[in-house]
Amino acid sequence: MRIGVKFGTALSALFLLAACETPPGAGGDEFGNGLNENGVPSELSRSFAENVGDRVYFAFDSSVLDSEAQRTLERQAGWLRDHGDLNVVIEGHCDERGTREYNLALGERRANAASEYLQSLGISAARISTVSYGKERPAALGSDESAWSQNRRSVTVLAR
């Protein structure tokens with residue numbers, strides 16, 4: 001009988017939690033939608049990533065923007081011109097090879113390369129900030145070229 005009571009109590013708690021809604025202003029916008037870490041609606045961030053492209057990739061030990069990276073940043077610049085109320089944080093990332101210190105510096109060079117290219121396309125430096133995570137936030141786990149190539153990147157994150 002005790003097991004049934006415990007199960008019933010646990011089930012009631014689960015239903016209660018499932019019925020809870022995030023109130024406006026508490027991690028969501030006025031419509032109850034989630035916000036990214038920088039206060040931008042998650043759906044807008046998702047749309048930016050899917051339709052414009054939020055990341056560019058780099059060759060091993062490089063911060064040089066290839067033509068594909070430049071095209072992605074050109075789409076980002078066009079989108080940002082249409083959304084002048086938003087800023088961006090450009091994150092620099094590296095693969096797992098190299099020391100922590102080296103990869104932090106390389107990640108910074110990658111973020112700065114993307115920032116400088118956006119600025120050359122008319123996006124104000126006041127709307128852009130950069131951060132390097134080095135190898136601390138991999139997009140893909142693994143110790144092979146497939147994983148490494150996904151981790152050598154900069155990511156443009158929308159911000160308020």
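What the table shows:
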| item | result |
| --- | --- |
| Enumeration of residues in segment 89-123 that are of a type in the set (Ser, Thr, Tyr) and either touching a helix residue (DSSP H, G or I) at 6+ places or on another chain (Cβ under 8 Å) or within 17 Å of GLN70 (Cα to Cα) (or both) | SER115, TYR117, SER120 |
| Residue ranges of helices (runs of 4 or more DSSP H) in segment 54-160 with at least 3 members more than 26 Å from VAL40 (Cβ to Cβ) and in contact (Cβ under 8 Å) with a residue 24 or more places away in the chain | 100-120, 145-151 |
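Computed from the coordinates by the stated procedures, all read-outs in this text should not be read as laboratory data. Keep in mind that this is a model prediction, so the values were computed, not measured. Ideal geometry is used to build each Cβ from the backbone, glycine not excepted, and the neighbour counts take in all protein chains shown.
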